[in-house]
Each structure stands twice: as C-alpha cells, then as structure tokens.
Amino acid sequence: MGQQLRSEEMTLCQLFLQSEAAYACVAELGELGLVQFRDLNSATNAFQRKFVNEVRRCDEMERKLRFLEREVRKDNLPIVSFGDNPEAPQPREMIDLEATFEKLENELNEVNTNAEALKKTFLELTELKHILKQTQQFFDEVGMGPWSTSNPRGSKKYQVGAIHYHSGSERAWDDDGILQMADGGPTHDEHATLLGEDARGQPQNAAGAAALKLGFVAGVILRERLPSFERLLWRVCHGNVFLRQCDIDVALEDPVSGDLVSKSVFIIFFQGDQLKAKVKKICESFRATLYPCPDTPTERREMSVGVLTRIEDLNTVLRQTQDHRHRVLAAANKNIQNWVVRVRKIKAIYHTLNLFNLDVTQKCLIAECWCAVNDIDRIHYALRRGTEKSGSSVPCILNRMDTKETPPTYNRTNKFTAAFQTMVDAYGVASYREINPTPFTVITFPFLFAVMFGDCGHGLIMFLFALWMVLKEQGIMAQKSKDEIWNTFFGGRYIILLMGGFSIYTGLIYNDCFSKSLNIFGSAWSIKKSDLSNDSSMLLPSKNFDGTPYAFGVDPIWQLATNKIPFSNSYKMKVSVILGVMQMTFGVMLSFYNHRFFQNRLNIICEFIPQMIFLMSIFGYLVLCILGKWMTYYENPSCAPSLLLMLINMVMFSYPASDGTCITESFYTGQQFFQVILVLIAMACIPWILLAKPLILRKLWLAQNGQYGTLNTVQVQQKDETQIIYNEDGTIAQQPAMQETVVNNAGHDFGHGITLDNFDFGEIFINQAIHTIEYCLGSVSHTASYLRLWALSLAHAQLSEVLWNMVLRVGLNQDGAMGGIVLFLMFGFWAGLTVMVLLLMEGLSAFLHALRLHWVEFQSKFYHGEGYLFAPFSFESILHNAELEDSA
Amino acid sequence: MVSAVIPFLFFTVFWGIIGFVVPILIPRSDNRALIQTLVMLTAACCYLFWLCVWLSQLNPLIGPILSKDVIWMITEYW
C-alpha cells in the first residue's frame, strides 16, 4: 500500500523571520501555498495586534476600490480582467497605491458633485422652459378667440375654460363641462370671473378685465402628486383659486437618483396675498418647484430665449464633465482588477503577520506552521527568495518541532481527483495518515453508479456532455459563470465523465440502449419454425439453448421475452450481493492496511481477523453458492436449490428431511456439516471481537501497573472511581520498594501503538460492544443495502422501456406524411423526457445511492474520518474566496 | 461446450492484461501509483461484472417466453 494513498506526512515547524524580511517571506509563502500558520496570539483580540493599522489601511483601500468599481459599472464600462496575477507589492508601494486611490476618489467625487449641481441647474432650466412654453401657450390660447379641439395642448380643461370665458356675460353654462373641470368644483361665477381676469394682459380682453387684480404662480410638480395637490388646493382655498395643469411630455432626469420622472406644469391663479401665502405653502408641502414667471408676454418671450441659450451652454458643460468622468474611469478601469489583487494580497500578508509572535529583542518574528515534510525544501527555497528580495543579510530559520498534537490531513489532489476528494471529505476528513478512500472511490463510485444507471444510450449522452466540458475546460473556466447549478456540474465533470463511461459499459452488459437490445453476436437461443405451433410458450433450456451463452452481456432475446423481469431480477439481485460483499471485503482489507500502518497488532488480531472470518463464513459462502449455482447444470430446473431458503436454514440450523420438494435438497454432499461449522465459526467471532481487545488491554495495563502497587492505586483512586474498582480486583503483586520509581505512568507505549495513559476499562468495553454490534448487524444490513443496486437498475430499465413504448412508439406507428410529423413531435417529446427524467432525475437518484453505498457501506469498514483539513496560507485560495464573496 | 470457453478466455485475458500488464507499463510520474490503482480497479470491476452476467447465463434455469409474433419475426429476421 503505497504512501501515495495516505495523506502527507506533516510536521510542525518554527519559523524565525527577520522583521525586515518577514513581509517578503510571507509573500513568497503565500504564492507557494504550502504552509498553514498557527495563531500564536489567539489570546489577544484583533485590535491589539501589531499590524492592525496596516490591515485597516488595506480595508480603506478596498473600500475605495469598491467605490471605483461601482462608478465604473454605473458608466457601463466592461470590467476588464486580464487574469494576471501581480506579485504582492512591497510595503513601501502601499503608500503609492493609497495616494493613487485617494486622488482618483477625490477626482471622481468632485466630478460627481459638479455633475450633480449641473444636472440640477439643467433640470431647473428645463422645467422653466416648459413652464414658459405652457403658460405662453395658455395665454395665447386665451387671447385667440374661438377654441377648438384642434388645439395641440387641448386638454378638456382648456376647452372648458374657453367656453366659460366666452359665455361669461351670458352665464350660459355647460354643466357637463364644469363637471369635467375639477372634482372640488368652484362656483360658476367665480370661475368665469377668474378666467376673464387672468387674460387681462391680452389687449383684446381689456373690457372684462377691469374689476379684479389676480396673481398667479407657476411651477412644476411630480405627476402622481397632482390629483391630491389639486384637491387640497380647492379645499384649503374654498375654491377661490384656479388651477391649470399640463403634462410635460418628456420624462426628466432626477439629478440625485438619476431616475427618469414624469412631471406636470401647473399654474394657479388666485386673488390677494393671503391666498398667495396659502398656495405657496401648499406648493411647498407637495414639493412642487415654483418658478418666477413674468407677467407680460414680451418679458416671457425674452426669458424663454434666455433660458434656451443657457440650456445650450449647460449642455456643453455637462457633456464635457461626462467626458472627463468617462476618461478618468476608463483609465482606472484598466488597472482596477490588478489593484484589487494587490491590495488583497497585502491585506492577507498583514493578517498572517498578525498571527506571529514578536521576539524579545524585537528583531525577529516567530511563526509556527504546519507543512508537509516533502515540501520543506521548497519552503526553504521560498524563504531564501524572500530574504533576498527584502535585501536582508540574515537568513530566515526554519526548525522542525516535535509535537503531540494531531497534524492536519493533507491529501494532494489534482484536477481529476479533486472532485472525488471533496466527496469523501464531505462525509468526514480522514484522520491523519489514515488510508484515503479517494483513489478507490474514483473507480468504484462511477462503477456502482453505472450498475444502477446501466443504459449505454443514456451513458453515451452523459459521457459526451462531460467530455465536452473536459475539452472546453479552459474556455469555460475563463467565463467564470455564477450559475450555481452549472458550477456544480462543471466541478464534477470528471465524475460525470467516468459515470458516463461506466454506464456505457454496464449498458452494453445489460444490453440496454434506450431500452432496446443490440444483437451483435447472435442469440444463444435458437428457434425453429416448429415452435410457432404452440401459442406463446417458454423456450426450453434443454432444447433451444445452444450451450454457449451470449458472449458479451445479456442475451438480446430477453428484451423480447414476456418473462424478462423474473430473469433480470434473479440475475441483478445476485450481482448486487456479489458486488456488495466484494466491496465490503475490500473495505475490511483496507482496515488491515490501516492497522498495519499504525503498527496496531492488537487490532489486527482482535478486530481484523475475526471480522474477516465473520464476513467470509456467511456472506463469502453465499457468494460462493451463487457462483456454484450458476455453474451447475440442472436437468430439472425446478429442482435448483433456492439460495435464500438455504441461507435462512443455515442460520437457523434447520435441515428439514426431504419432504418431496426437491428445492430444499442439499446442494452438495456434506453441506449440513460444513454449514454448521461455518455458522459456529461466525458465532465464535462475535465474542472474539467483543471481548478479546478489552481484556488484553486490561491485562497489559495490569502487567505494567500491578507491579508498582499501592501508590499508583491510591493515585488512581483519587482520580477516577471506575478505575479503583478495576484496580482493586486486579492487583495482587505489590512491590513497595519500587513505589518511588514510578509516580507517573502516562504515555507508556506497549509497542502496539497503544498508549494507556488513562485506562478506563468500562469505557473501552462499551466502545468495543458498540463496535461489535455495529459490525455484525452491519454486515447483514449492509449486504441487504446493496440490493439497491438491483432495485434502481430495475427501475431505470423499466422507466426507459415505458417511455419508449408510451411515447416514441406512438410516433413510430403512424403512416404517411402525417406519420412523419407525428414522429417528429413525438421524438422531441421523448428526447426531452429522456434527458429530464432518465438522465437528470434518475441520474441524481443513482448518484445519491452510490454516494450512500460509499459513505456508509464501504467507508464504515475502515474509515474513521476524524481529522481536520490542512488549510494552507495561499493567495490563490484567498483571492478565489474573495471573488466568490463578491459575486454572492 | 468448447465454443463457450472462447469468450471466457478472451475476456479473462483481455481484462487480465489491463489489470496486470498495463499498470506495469505506466510511465514513472507523481501519479503513477494512483493511475495503477485506477486501472487495476477498473479491470477488476469490469471483469467481475462481465463474469457475473456470463456465468448467470451459462446454465439457464428458465427460457424466454415469446409470443407468436415475436417468434415469427425472429425466425424471419435474425
């Protein structure tokens, strides 16, 4: 069992870094990604550490970069990433970076404030422009006499207003018109007067204008606020004001939020100062902007010309500001990704430096780290590079340390095994230097999956899909998709590739291709025309069978047979048991290699051997019987022994006398004797597993402790009561003379890899009992559990057959041109269902079952999974995680 | 019965070569042990699976039940 199948041998190292070289060294180690630093200041909180200021500065830089990125995104510039990996900058470069970011941020802030102010002015001017236009139009309309619906701005209100004005002296009202006016409804008289008055500027209207002096305000309000605004105005002013509104047909940009909002122009006429104050207050409360609007048309015209020129000017300025901003951002955009990487690296380095201890002399930093023994040379080399870069003359020192702590588990993976390793780690990280099941899982997992998924058509689709992902790997990885489901598939592309490949193989063996069989070698069953005589009968093995089974896989004739399921059930069930027993045996074998590696002879004798015997004597025997039955020729097939009954009878010790049914007859001579022996051996294994180990341990412990008698007993008595009982009934030999020599028996090794520091018989015995029950019951239930291989493969085969018969067959049965169309549609439906149901859903379920078989049935035989993962300090993983966080 | 042995020999030798000869030929590299494990396990799994299906059909206990149409089609086309 090669070293490659275990996790790396790890060692704890102490690092002495010169304070001026520490930064460069850590940077090099970060690029290397092979050491895991331990926190030597876990007692101090984050704010009391040495480099907290630097970390804070990095945070500040990150904030600025995020701001920049946001601004870039606002301008719809594409974020360019060259995928380059700049080295961590020197500490002194940090100041330059900071200055650059500061300058950029200030510049952008300034530009933004300017732009905002300009936009605000622009908005005001635009609104004013609209007001002038609308009021002018209104005043014009009032003066022009007959109103017509052809009026471009002609809302109903204008028309109504016109009618009122013209019919003012006659007081002939159009009730409908007034109702349309406003819901608050002013009295008719006032309305007429108002209208007469507000047109007083027009020379034609001099006659009706004399009596009242009316004031007006004009402004702009959000369109959705208008109805309530209007209502409130009427209510507050008791209808003594006249409001006129008109929508601005272009949406205006809000300078603060940048959203487009639709607004309306309004103009309110009123009489007297009191009303004016009220109106203004209401306007204020509704956030309506009021604009000065000159009384006379000439002034208005002048003003609107002025406004237009100012808008022109403003537009030019605004455009220039935008251009400037765009240029600044475009320039920054080229570097942003690079900067982000550099700042993150600096931050990671300072975070790491915070884990270090300061030497008494303040001249060097002391770090502790875990690293693989095989990597020490590379680490040395990286440290030397770091020292050279920083220009320090004193080299860094790396010392290996001895420790009692359990080192982290570090399994080297490549892109092929990584996904499988993740799968194994998901159950539990292997204990340090325990056999790593991943290399076996790489094959057995897709294989067991394929046993359940066996269909070469479906396997081929799956295989091609995975092959495409594997071949386009570089391109797909560069795209950095954020779709979680897609990433899951892509991450498992090698698993899917193997699953597909094995499914093709098992599909060929099952002779299933989209539920149809391939007849490559010619069926082993021959049929003559004479067989046609009897209606639907069984072909007889003695008569129609050639004697040579179909060379590769299931005979295609079974696909056409009506009794296909009884045949495949019997076959698949037995295969499941065989595969299951094989895999479990393999698992127990691996436990042997584990025990041997840890030099635990006791476990080999007291656990591995009886476990193996137990498994073999019952389930190994069953497998042999299955193979034997397959290889035996029965003249009368109904007399073939039932293995199930045989197994039950074997465990029950019941061997009924021949009762006429030949099915329970013995399989071979001496069967009864052999089976009884096997069951007895298996039974004997149970107390062997249960008792041997605790008792031997107890004896060893006694042998060590008994001789130093009472002192030890007294000590133990003070510690633990269970130990006293055990000590008192066990110790005889007391040699007071040796009392002084042994006060402390901690950490004593018996040469079996067993340390008996705190020996607690009760605990060990209970553990062993649980272990025994788990194993013995487990081998029964786990064997049964492997029957899921049969169940799922049956379900898959049946489902795909049903799909073919119910869907595609309908299309195939049609004739003529119509048949072509129906087949076309039906094929689409069938293909869609095949992918969705058979590949995705069935694939997922087979995947989960295969996963369970590995996690529970296989790994429980040898795998402890009590380790913790090696998490090296590596820029690559830090940057990767940060990117994931960003995208989340 | 002699012809029955041919596929058995063929597949045994075939997977035997993959399982025992190919691992020896794998070039030295960091991943040699891994690749060897994978190849041998593949051969073991595939051979076992083939062997099971072959053995199970060696001495059939039941024959296929076919309908008249199918028998007729088989005699015509196979």
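The values are calculated or read from the model by the stated rules, or taken from the named source; none is laboratory data. These numbers come from a predicted model, not from an experiment. Quick reminder, even Gly has a Cβ in these numbers, built from the backbone with ideal geometry, and neighbours come from all protein chains shown. Accessible surface areas use protein heavy atoms only, side chains included; no ligands, DNA or RNA. Shrake-Rupley method; radii C 1.70, N 1.55, O 1.52, S 1.80 Å.
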Task: Filtered residues of the stretch A:40-79 (kept if within 29 Å of the chain's Cα centre (by Cα) and surrounded by fewer than 14 Cβ atoms within 10 Å (Cβ to Cβ)) - done: A:Asp59, A:Arg63, A:Arg66, A:Arg70, A:Arg73, A:Lys74, A:Asn76, A:Pro78, A:Ile79
Task: Flag for A:Thr548 being among the hydroxyl-bearing types (Ser, Thr, Tyr), in a loop (DSSP other than H, G, I, E, B), closer than 23 Å to A:Tyr633 by Cα and within 9 Å of chain B (Cβ to nearest Cβ) - done: yes
- [ ] Run A:Val451 past the list (1) within 12 Å of another protein chain (Cβ to nearest Cβ); (2) within 26 Å of the chain's Cα centre (by Cα) and report the number of the one that doesn't hold.
- [x] (2)
Open item on the list: Which numbered condition in (1) at the interface with chain B (Cβ under 7 Å from one of its Cβ atoms); (2) surrounded by 22 or more Cβ atoms within 10 Å (Cβ to Cβ); (3) on the phi < 0 side of the Ramachandran plot is the only one that A:Met538 fails?
Closed with: (2)
Open item on the list: Cβ contacts < 7 Å: first residue closer than 25 Å to B:Phe8 by Cα, restricted to the stretch A:631-654; second residue of a type in the set (Asp, Glu) and at pLDDT 90 or above, any location; separation 6+ or different chain. Result?
Closed with: none
TODO: Please enumerate the residues belonging to the stretch A:845-878 that are within 18 Å of A:Thr441 (Cβ to Cβ), part of a helix (DSSP H, G or I) and open to solvent by 80 Å² or more (accessible area, probe 1.4 Å).
DONE: A:Leu848, A:Arg852
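Here is a list: B:Leu41, B:Leu48. Which entry is touching a Pro at 6+ places or on another chain (Cβ under 9 Å), within 24 Å of A:Gly580 (Cβ to Cβ) and aliphatic (A, V, I, L, M)?
Numbers: B:Leu48 fails: touching a Pro at 6+ places or on another chain (Cβ under 9 Å).
Matching residue, one of B:Leu41, B:Leu48: B:Leu41.
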- [ ] Could you check how many residues of the stretch A:462-493 are surrounded by 17 or more Cβ atoms within 10 Å (Cβ to Cβ) and in contact with a Ser or Thr (Cβ under 8 Å, 6 or more places away or on another chain)?
- [x] 3
Task: Members of the stretch A:359-383 found to be surrounded by fewer than 21 Cβ atoms within 10 Å (Cβ to Cβ), within 15 Å of A:Glu20 (Cα to Cα) and in contact with a helix residue (DSSP H, G or I) (Cβ under 8 Å, 6 or more places away or on another chain), listed by number - done: A:Gln362, A:Lys363
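Out of the helices (runs of 4 or more DSSP H) lying entirely within chain B, which hold 1 or more residues that are under 15 Å from the mean Cα position of the chain (by Cα) and more than 10 Å from chain A (Cβ to nearest Cβ)? So that I can check it myself, show each step before the final result.
Values: elements: B:2-16, B:22-25, B:32-56, B:68-77.
Once the helices (runs of 4 or more DSSP H) in chain B are filtered for at least 1 residues that are under 15 Å from the mean Cα position of the chain (by Cα) and more than 10 Å from chain A (Cβ to nearest Cβ), what remains is B:2-16, B:32-56.
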- [ ] Kindly indicate the residue of the stretch A:260-296 that is at pLDDT 80 or above and acidic (Asp, Glu) and also farthest from A:Leu226 (Cα to Cα) among those meeting that condition.
- [x] A:Asp273
Open item on the list: Being farther than 30 Å from A:Leu647 by Cβ, open to solvent by less than 20 Å² (accessible area, probe 1.4 Å), part of a helix (DSSP H, G or I) and in contact with a Ser or Thr (Cβ under 8 Å, 6 or more places away or on another chain) is the requirement here; does A:Leu808 meet it?
Closed with: no
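Just checking, does the stretch A:585-598 include any residue being closer than 30 Å to A:Leu697 by Cβ, under 43 Å from the mean Cα position of the chain (by Cα) and either outside any helix (DSSP H, G or I) or among the charged types (D, E, K, R) (or both)?
Yes, there is a match, as at least one residue in the stretch A:585-598 is closer than 30 Å to A:Leu697 by Cβ, under 43 Å from the mean Cα position of the chain (by Cα) and either outside any helix (DSSP H, G or I) or among the charged types (D, E, K, R) (or both).
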TODO: Search the stretch A:377-397 for residues that are farther than 20 Å from A:Leu34 by Cα and pair each with any residue that is of a type in the set (Asp, Glu) and open to solvent by 90 Å² or more (accessible area, probe 1.4 Å) when their beta-carbon atoms are under 7 Å apart and the residues are at least 6 apart or on different chains.
DONE: A:Ser390/A:Glu20; A:Ser392/A:Glu20
- [ ] Being within 8 Å of another protein chain (Cβ to nearest Cβ) and either of a type in the set (Val, Ile, Thr) or in a helix (DSSP H, G or I) (or both) is the filter here, so list the residues in the stretch A:614-637 that pass it.
- [x] A:Leu627, A:Trp630, A:Met631, A:Thr632, A:Pro637
Task: Those residues of the stretch A:539-559 which are touching a residue at least 12 places away in the same chain (Cβ under 8 Å) and of a type in the set (A, V, I, L, M), in sequence order - done: A:Leu539, A:Ala551, A:Val554, A:Ile557
Open item on the list: For the stretch B:10-28, give me each residue that is open to solvent by less than 80 Å² (accessible area, probe 1.4 Å) and not β-branched (Val, Ile, Thr).
Closed with: B:Phe11, B:Trp15, B:Gly16, B:Gly19, B:Pro23
Task: Failed criterion for A:Phe567 (all others in (1) in a helix (DSSP H, G or I); (2) over 39 Å from the mean Cα position of the chain (by Cα); (3) within 12 Å of chain B (Cβ to nearest Cβ); (4) surrounded by fewer than 21 Cβ atoms within 10 Å (Cβ to Cβ) hold) - done: (4)
Task: Selection count, the stretch A:210-251, where residues are free of Cβ contacts under 8 Å to residues at least 60 places away in the same chain and either open to solvent by 40 Å² or more (accessible area, probe 1.4 Å) or of a type in the set (D, E, K, R) (or both) - done: 19
TODO: Considering (1) over 30 Å from A:Ser431 (Cβ atoms); (2) open to solvent by 80 Å² or more (accessible area, probe 1.4 Å); (3) not β-branched (Val, Ile, Thr), say which one A:Asn881 fails and leave the rest.
DONE: (1)
Open item on the list: Give me the residue from the stretch A:400-435 that is basic (Lys, Arg) and closer than 19 Å to A:Gln14 by Cα and, out of that set, surrounded by the fewest Cβ atoms within 10 Å (Cβ to Cβ).
Closed with: A:Lys404
TODO: Report those strands (runs of 3 or more DSSP E) wholly inside the stretch A:217-296 carrying at least 1 residues which are over 30 Å from A:Glu116 (Cα atoms).
DONE: A:242-247, A:263-271
